[in-house]
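**Student:** Let me begin by handing over the structure; questions about it come next.
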Amino acid sequence: MDSASLKMFVSMLLYIAVVIGIGVYFAKRANQSSENYYLGGRSLGPWVAAFSAEASDMSGWLLMGLPGVAYWSGLADAFWTAIGLAIGTYINWLIVAKRLRRYSLVAGNAITIPDFFSNRFHEKRKIILTISSLFILVFFCVYASSCFVTCGKLFSSIFNVDYKAMMLCGVLLVVVYTFLGGFLAESASDFMQAVVMVLALVTVLVLGTASAGGLGNVLANVKAIPGYLEFFHIASPAVDEAGQQIVVDGMPLFDAAKPYGIISICSMLAWGLGYFGMPQVLLRFMAIRKCDELTKSRRVATVWVLISLLAAVMIGIVGRAYAPTQFATSSSAENIFSYLASTLMHPIFAGLVMAGILAATISSSDSYLLIAASAFSKNLFQGVFKKDASDRLVMHVSRSALLLIAMLGAVIALDENSVIFTIVSFAWAGFGATFGPLMLFSLFWKRTTRAGAIAGMLSGGAMVFIWNFLVKPLGGLFGIYELLPAFIVSSVSIIAVSLFTAEPSAEIVREFDEAKTAEC
């Protein structure tokens, strides 16, 4: 390891020490009860709720996946994805947050998403609880793997060391940290990490733009690439038989631009639908200390998302102008952020910026592991199999489950050629279609029945797999992002089955009405 790499490594270690220190600080309070460990005792302030929700949501793909997409194929894919995410963020905070905060209290003081769904429909046989917990386990294993891929790519590209070894080091760090402090530590560090992430993005964008000759020069360079700066066409890198972009006389070759039609645009905008089913975001709504503070949280979260998404997309574009031949595959292009930071900054500051990627990865993966562990221990183990389990036993089971889930995620992440954006898109669709429609109907349609809820989850979750693996490969109209058709199928199933089954009981209807105005 040379002197520059050593300095970067030291600054990143200092950052990691601060993060672990936060976990140690909150460890005692977190371990007082499962409610504190999983939901922080509903004590989050508006800034912490907003920043932690967005940091845990965006993950490493914001700093690696999204810039990589923009670097590789231009503006269209990244832009329409960003628009969908920005709109989804705002609407989710606007219509879901306050109602869920109230309803989760009315519905038996639910502290997890499966708890809320089960309590909302007064389940005796915990079918909704079981189904929702199993889906959380499946999709969060996939989600966590995307974070571990980020760790592996980051450290292996910076320090030129083995991908798998670095990926496993990242897994170990996340597991240790999540073991210590639970939800409170996670939310507090996510606040800090959200600040680091946005500062890192803006700093690298400014330095990259200046080093590439200014914004005018950047735009002039990439405008020469067919379809690169268009909203309705997409750039198409010319690749050889090995999948590497062809370079001639020091310049990358591109084929003719490909049309970017309404199907592709709808696919990217559909990312916004995923927010209604994201447990890591929904839990922040449930955990804020006062409903009245959600307005401030919504404004803070929206501004953070707009700045971060814009900077991430622009970094990819600036990177193509600054280093046009540096990355020859879509997978390697996801290193453009770390490349710019390590090339343009002093090693100490570059290390801190790299900590931005690490921040995003930790803030997301600890959320995923914690929620998945709670789904197993609190919802399945205590809720279904051993209802008289003590709080202490639940905590022990939770930590065991957390370790197992991390191991499964690590196995999925062993392939260093994985594309972070692709992994995240599948897990995002899974949560969006499984829980999104049910969350909206549970909060806003009193006629929703337990049978309708079950039908909606099963059909939405199943359609994600069916569409992605069987229908989408057909191309054409069927090439649309699986979240959109799965979301529609789930919604239709909830409505149809609810209307064909007995109306909810008077007690469920009373709670539904009470949740509109409950004190919180």
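**Student:** Across the range 267-319, which residue is modelled with the lowest pLDDT among those that are over 13 Å from Thr89 (Cα atoms) and not in a helix (DSSP H, G or I)?
**Tutor:** For the range 267-319, the residue satisfying everything is Arg289.
**Student:** Is it the case that some residue within the range 284-294 is closer than 20 Å to Thr361 by Cα, crowded, with 20+ Cβ neighbours inside 10 Å and not acidic (Asp, Glu)?
**Tutor:** Yes: the range 284-294 contains one or more residues that are closer than 20 Å to Thr361 by Cα, crowded, with 20+ Cβ neighbours inside 10 Å and not acidic (Asp, Glu).
**Student:** Pick out the one residue from Leu408, Leu369, Leu402, Leu358 that is at pLDDT 75 or above, in contact with a helix residue (DSSP H, G or I) (Cβ under 8 Å, 6 or more places away or on another chain) and open to solvent by less than 10 Å² (accessible area, probe 1.4 Å).
**Tutor:** Going through Leu408, Leu369, Leu402, Leu358 in turn, the sole match is Leu402.
**Student:** Tell me, yes or no, whether the range 217-226 has at least one residue that is in contact (Cβ under 8 Å) with a residue 60 or more places away in the chain, on the phi > 0 side of the Ramachandran plot, over 29 Å from the mean Cα position of the chain (by Cα) and surrounded by fewer than 21 Cβ atoms within 10 Å (Cβ to Cβ).
**Tutor:** No: zero hits.
**Student:** Right, here's the next one. Looking only at the range 254-276, count how many residues are of a type in the set (A, V, I, L, M), touching a residue at least 12 places away in the same chain (Cβ under 8 Å) and open to solvent by 70 Å² or more (accessible area, probe 1.4 Å).
**Tutor:** Residues meeting the conditions: 1.
**Student:** I'd like to check something: does the range 177-188 contain any residue that is modelled with pLDDT under 85, farther than 23 Å from Ile317 by Cβ and touching a Cys at 6+ places or on another chain (Cβ under 9 Å)?
**Tutor:** No.
**Student:** Show the residue pairs meeting these rules: Cβ distance below 7 Å; 6+ apart or different chains; first residue within the range 123-138 and at negative phi and in contact (Cβ under 8 Å) with a residue 40 or more places away in the chain; second residue part of a loop (DSSP other than H, G, I, E, B) and not small (Gly, Ala, Ser).
**Tutor:** Pairs found: Ile128/Phe121; Leu129/Glu123.
**Student:** Still on this structure: Test Leu229 against the criterion of being among the aliphatic types (A, V, I, L, M) and either in a helix (DSSP H, G or I) or under 22 Å from the mean Cα position of the chain (by Cα) (or both), and give yes or no.
**Tutor:** It is false that Leu229 is among the aliphatic types (A, V, I, L, M) and either in a helix (DSSP H, G or I) or under 22 Å from the mean Cα position of the chain (by Cα) (or both).
**Student:** Kindly indicate whether Val239 is within 19 Å of Met64 (Cα to Cα) and open to solvent by 40 Å² or more (accessible area, probe 1.4 Å).
**Tutor:** So Val239 fails the test.
**Student:** Does Ser236 satisfy being in contact with an Asp or Glu (Cβ under 6 Å, 6 or more places away or on another chain) and either in contact (Cβ under 8 Å) with a residue 40 or more places away in the chain or closer than 25 Å to Ile83 by Cα (or both)?
**Tutor:** Yes.
**Student:** Looking at the range 320-344, which of the residues that are part of a loop (DSSP other than H, G, I, E, B) and either open to solvent by 30 Å² or more (accessible area, probe 1.4 Å) or among the aromatic types (Phe, Trp, Tyr) (or both) is nearest to Asn221 (Cα to Cα)?
**Tutor:** Step by step, filter the range 320-344, then rank; the result is Pro324.
**Student:** Could you check the range 244-253 and list, in sequence order, the residues that are at negative phi and either open to solvent by 50 Å² or more (accessible area, probe 1.4 Å) or touching a Lys or Arg at 6+ places or on another chain (Cβ under 6 Å) (or both)?
**Tutor:** Answer for the range 244-253, where residues must be at negative phi and either open to solvent by 50 Å² or more (accessible area, probe 1.4 Å) or touching a Lys or Arg at 6+ places or on another chain (Cβ under 6 Å) (or both): Gln244, Ile246, Val247, Val248, Met251, Leu253.
**Student:** Just the residues that are more than 26 Å from the chain's Cα centre (by Cα) and in contact (Cβ under 8 Å) with a residue 24 or more places away in the chain, please, taken from the range 380-393.
**Tutor:** Gly383, Val384, Asp391
**Student:** So in the range 137-153, with the set limited to residues that are in contact with a Gly (Cβ under 8 Å, 6 or more places away or on another chain) and open to solvent by 10 Å² or more (accessible area, probe 1.4 Å), which one is modelled with the highest pLDDT?
**Tutor:** Applying the filter and picking the extreme gives Val138.
**Student:** Assess whether Ser156 counts as being in contact with a Phe, Trp or Tyr (Cβ under 8 Å, 6 or more places away or on another chain), of a type in the set (Ser, Thr, Tyr), open to solvent by less than 20 Å² (accessible area, probe 1.4 Å) and not in a loop (DSSP other than H, G, I, E, B).
**Tutor:** On the way: in contact with a Phe, Trp or Tyr (Cβ under 8 Å, 6 or more places away or on another chain): yes; of a type in the set (Ser, Thr, Tyr): yes; open to solvent by less than 20 Å² (accessible area, probe 1.4 Å): no; not in a loop (DSSP other than H, G, I, E, B): yes.
No, not satisfied.
**Student:** Turning to a different aspect of this structure: Which of (1) farther than 21 Å from Val424 by Cα; (2) assigned to a helix (DSSP H, G or I); (3) touching a residue at least 24 places away in the same chain (Cβ under 8 Å) is the odd one out, the single condition Met354 does not satisfy?
**Tutor:** Evaluating Met354 over (1) farther than 21 Å from Val424 by Cα; (2) assigned to a helix (DSSP H, G or I); (3) touching a residue at least 24 places away in the same chain (Cβ under 8 Å) leaves (1) as the failure.
**Student:** Quick one: would you say Met166 is under 30 Å from Leu352 (Cα atoms), within 24 Å of the chain's Cα centre (by Cα), surrounded by fewer than 24 Cβ atoms within 10 Å (Cβ to Cβ) and without any contact (Cβ under 8 Å) to a residue 24 or more places away in the chain?
**Tutor:** yes
**Student:** Which of the numbered conditions does Thr422 fail, given that it passes all the others? Conditions: (1) under 25 Å from Trp93 (Cβ atoms); (2) free of Cβ contacts under 8 Å to residues at least 60 places away in the same chain.
**Tutor:** Failing condition for Thr422: (1).
**Student:** Here is a further query. In the range 461-520, how many are open to solvent by 70 Å² or more (accessible area, probe 1.4 Å) and in contact with a helix residue (DSSP H, G or I) (Cβ under 9 Å, 6 or more places away or on another chain)?
**Tutor:** 15
**Student:** Does Phe51 satisfy the criteria of being part of a helix (DSSP H, G or I), open to solvent by 10 Å² or more (accessible area, probe 1.4 Å) and at pLDDT 75 or above?
**Tutor:** For Phe51, the condition - part of a helix (DSSP H, G or I), open to solvent by 10 Å² or more (accessible area, probe 1.4 Å) and at pLDDT 75 or above - is met.
**Student:** Hey, does the range 429-436 have a residue that's open to solvent by 40 Å² or more (accessible area, probe 1.4 Å) and touching a Ser or Thr at 6+ places or on another chain (Cβ under 7 Å)?
**Tutor:** no
The values are calculated or read from the model by the stated rules, or taken from the named source; none is laboratory data. Please read these numbers as outputs of a predicted model, since none were measured by experiment. With ideal geometry, Cβ positions are generated from the backbone for all residues, glycine too; neighbour counts draw on all protein chains shown. These accessible areas exclude ligands, DNA and RNA; they are computed on the full protein's heavy atoms, side chains included. Shrake-Rupley method; radii C 1.70, N 1.55, O 1.52, S 1.80 Å.
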